[in-house]
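The values are calculated or read from the model by the stated rules, or taken from the named source; none is laboratory data. If you're wondering where the values come from, they're calculated on a predicted model, not measured in any experiment. Counting neighbours? That spans all protein chains shown, and the Cβs are built from the backbone with ideal geometry, glycine included. When the accessible area is computed, the model is the full protein with side chains, heavy atoms only, and any ligands, DNA or RNA have been set aside. Shrake-Rupley method; radii C 1.70, N 1.55, O 1.52, S 1.80 Å.
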Amino acid sequence: MTDHDLLGDSLSGFENHKLIAARESLGISAGALQRDLKLTSAVFSAIEAGDLDQLGQPVFARGYIRNYCNRVGLDPETFVEQYNAAIGQRPVKRRSAIKSAGSATAGTVMKLNPRRASSLLTLLFRLVIIAALLAGLAFGASQINWPTLGLSGLFGGSEPEEQQSSQALPPLAGESEGLSIPIKTMTQESNEDAVVEAPKAIELPKPAETPDLESKTAAVPVKTEQPKPAEKSEPNEPLTASPVNTSGSDGVTIKFSDVSWLNIKDATGEALFNGLSKKGQDLTIKGKAPFSIVIGRANAVSSVTFDGSTVDLEPHTRKNVARLTLSR
Amino acid sequence: MFKKIRGLFSSDLSIDLGTANTLIYLRDSEIVLDEPSVVAIRQQGNQKTVAAVGTDAKRMLGRTPGNITAIRPLKDGVIADFHVTEKMLQYFISKVHNNSFLRPSPRVLICVPCKSTQVERRAIKESALGAGAREVYLIEEPMAAAIGAGLPVDEATGSMVVDIGGGTTEIAVISLSGIVYSESVRVGGDRFDEAIVTYVRRNYGSLIGEATAERIKQEIGTAYPAPEVLEIDVRGRNLAEGIPRMFTLNSNEILEALQEPLQSIVQAVKGALEQCPPELAADVAEHGIVLTGGGALLRNLDRLLTEETGLPVIVAEDPLTCVARGGGKALEILDKQGFELLSRD
């Protein structure tokens, strides 16, 4: 009577009788094979009895079954599949080609899986974000008064919303480049990376040094952004030399108690003044009304006079930046 | 901020940045990339450009003209050429995100050798960040291998894993989600190849390349005497005559050639068993040792270790991808409950 007759088949579909038959056909005793495989008698008996629950963790059980099959000349994968089916686990997909540690012959790149169940939701969410971003950018572009960007940052005020949107612009431009050229010349890499990085992209290089102004603005928390002056004006030029249109009949007089940035345009849209004032200066500008005025630091202005009457800045001031239009 | 937005368009990745191969596992999915860690660099004047990466570059190894150099940027499991590694990772990350229309910025988990220094880990992290990763986590390779193999790492029982990679062999005893003992020896698949090259030069007076040595190892290499003897025809340049000659190698010769690196691995495993606390050693003796990594595919390596240690030794399922798969599972654990084995350092 053989071991097979004693044990019979496992109810789980695991063909343990084939294992025993293969062992016996080779003339190997159970004890000899157990010693050869270095298995405990409990584990070895469990394999031959098809008592799969006694084999412990699946990772070990599969290994024991493989080793057993290899020794008796059976295909291990057949029995491992039976084991997987019995315990209800999906096996890890094994590679057919034998590859060792140094090998690298496969080189197959699979595309990302067909999206999992939640992917549709994720995709929708992403599309909504993109739409919101694009809408925000479009709205921002139509609303932003470009010369004022970075103004309040210079004078220590909180960042206006327009400025935040302007921070987002440079990385977007860098993005499109990064997509098209995933691998570029190695000598250019650091510069290209810097363009793509959002925080770096908003750090503008400092303009030409203006020692006198810097000393005055040192007390306020200066950020990295500097106002981008219009090409026509010189920020540190004396106020008396500022370009003032004297052809018009209307006039605006602004008294400054401290340093402030100022931009004044007349009815034609021409910049009558674009630059920094000095502490204690009185600035009178003539031109054609209505005047469009932006004062970067409203609390540095002691008074504004237009056609002999004083203008209250308070209703026009937001986050210490005054924007107003003066007309008759 | 933009990295976060780009992160919405990127999938979390687990990267097994190996000396021989780089594998990428996409979270909640499968292995999506398995390519050689090779980069071909073209030099034009003072300017260097990347000519090919991965499989294409691997084909160029030993066959390049003067202005192209095929480089393996990792050596012994750690970065040997920082910039080339960064470019390689950048290429791989963008390749697995080829459906996105923004530059990917994924969270990345990278497996590092357990005995790698802080400097080496920092280099790997910086390299991944430079390649566009949003966040980088590091996990020790044997832990990832154990998770990928399906070992019960979180239970109060000792599990021993031997991960034989291209450059290093990592040995660890794990219990309660922690590494109790670990050892790393700089012996792996590359050393096997070198040993075969040396053997052929010494005994046949012929020179063969690494790619040929690797093919010999894969086809007839064995770590323990087998009943059947396999043979392979090999062509190499005869050093005396200077012309290519063909000769036949058999598996017993390769077994002889591999003795030195194999003994290094055996000694390391025995050393780990000696250092292991007795309770954990008893667990290991009961359950056995699990082999992972490409080196585990060397024929009869499990048999050799079984005979040398007297313990059952089993090869994990799909051992080549265990580390990457384990890293992917660790990423999932990270989001669910945090995972003390992951670090950002």
(request) Order these peptides, B:260-270, B:20-30, by their mean beta-carbon neighbour count within 10 angstrom, highest first. (result) B:20-30, B:260-270
(request) Quick one: compute the contact order of region A:3-87, relative version, from alpha carbon pairs under 8 angstrom and 6+ residues apart, as a percent. (result) 34
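Give the average, rounded to an integer, of partner chain Cβ atoms located within 10 angstrom of each Cβ in B:27-36.
Values: counts 1, 4, 6, 5, 4, 6, 4, 9, 5, 6.
Across the residues of B:27-36, the mean count of other-chain Cβ atoms within 10 Å is 5.
Please state the relative contact order of chain B as a whole percent: Cα pairs under 8 Å, 6+ residues apart?
Working: 752 pairs, mean separation 66.7, N = 345.
With pairs under 8 Å counted, the relative contact order is 19 percent.
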(request) Work from the charge dipole of region A:3-87 (Cβ charges, +1 for Lys and Arg, -1 for Asp and Glu, about the Cα centre) and give the residue of A:PHE60, A:PHE79, A:PHE14 farthest towards its positive end. (result) A:PHE60
(message) Let me check I've understood the local charge: for B:PRO312, count other residues with C-beta under 13 angstrom from its C-beta, Lys and Arg +1, Asp and Glu -1. What total comes out?
(response) 0
(message) If amide hydrogens are placed 1.01 Å from N in the peptide plane, which non-local residues have theirs closer than 5 Å to the one on B:ALA52?
(response) B:ALA40
(message) If I model a spin label at A:ALA22 and B:GLU307 as a point 7 Å from the Cα along the Cα→Cβ vector, what separation in nanometres do I get?
(response) 2.1
(request) Leaving ligands, DNA and RNA out of it, report the carbon-plus-sulfur percent of the accessible area of chain B at a 1.4 Å probe. (result) 46
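Excluding A:THR305 itself, what net charge comes from residues whose Cβ is under 13 Å from its Cβ, given Lys and Arg +1 and Asp and Glu -1?
Numbers: positive: A:LYS255, A:LYS286; negative: A:ASP250, A:ASP282, A:ASP307, A:ASP312.
Result for the local shell: -2.
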(message) Run lengths n ≥ 4 of DSSP H only: what is the helix-derived mean residue ellipticity at 222 nm for chain B, with -39500 (n - 2.57) per run over all residues, to the nearest 500?
(response) -12000 deg cm²/dmol
(request) Putting +1 on Lys and Arg Cβ atoms and -1 on Asp and Glu Cβ atoms, find which of B:MET160, B:SER206, B:LEU258 reaches farthest to the positive end of the dipole of region B:153-312. (result) B:SER206
(request) Select from B:GLN275, B:GLY288, B:VAL119 the residue farthest towards the positive end of the dipole of chain B; place +1 on Cβ of Lys and Arg, -1 on Cβ of Asp and Glu, and compute about the Cα centre. (result) B:VAL119
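Give me the net charge of A:SER327's neighbourhood, meaning all other residues with Cβ under 14 Å from the Cβ of A:SER327; Lys, Arg count +1, Asp, Glu -1.
Details: positive: A:LYS265, A:LYS288, A:ARG328; negative: A:ASP250, A:ASP266, A:ASP307.
Combined, the nearby Lys, Arg, Asp and Glu give 0.
Pairs A:LYS38/B:LYS329; A:LYS255/A:LYS288; B:LYS115/B:LYS270: which exceed 26 Å Cα-Cα?
Working: A:LYS38/B:LYS329 31 Å; A:LYS255/A:LYS288 20 Å; B:LYS115/B:LYS270 18 Å.
From A:LYS38/B:LYS329; A:LYS255/A:LYS288; B:LYS115/B:LYS270, over 26 Å: A:LYS38/B:LYS329.
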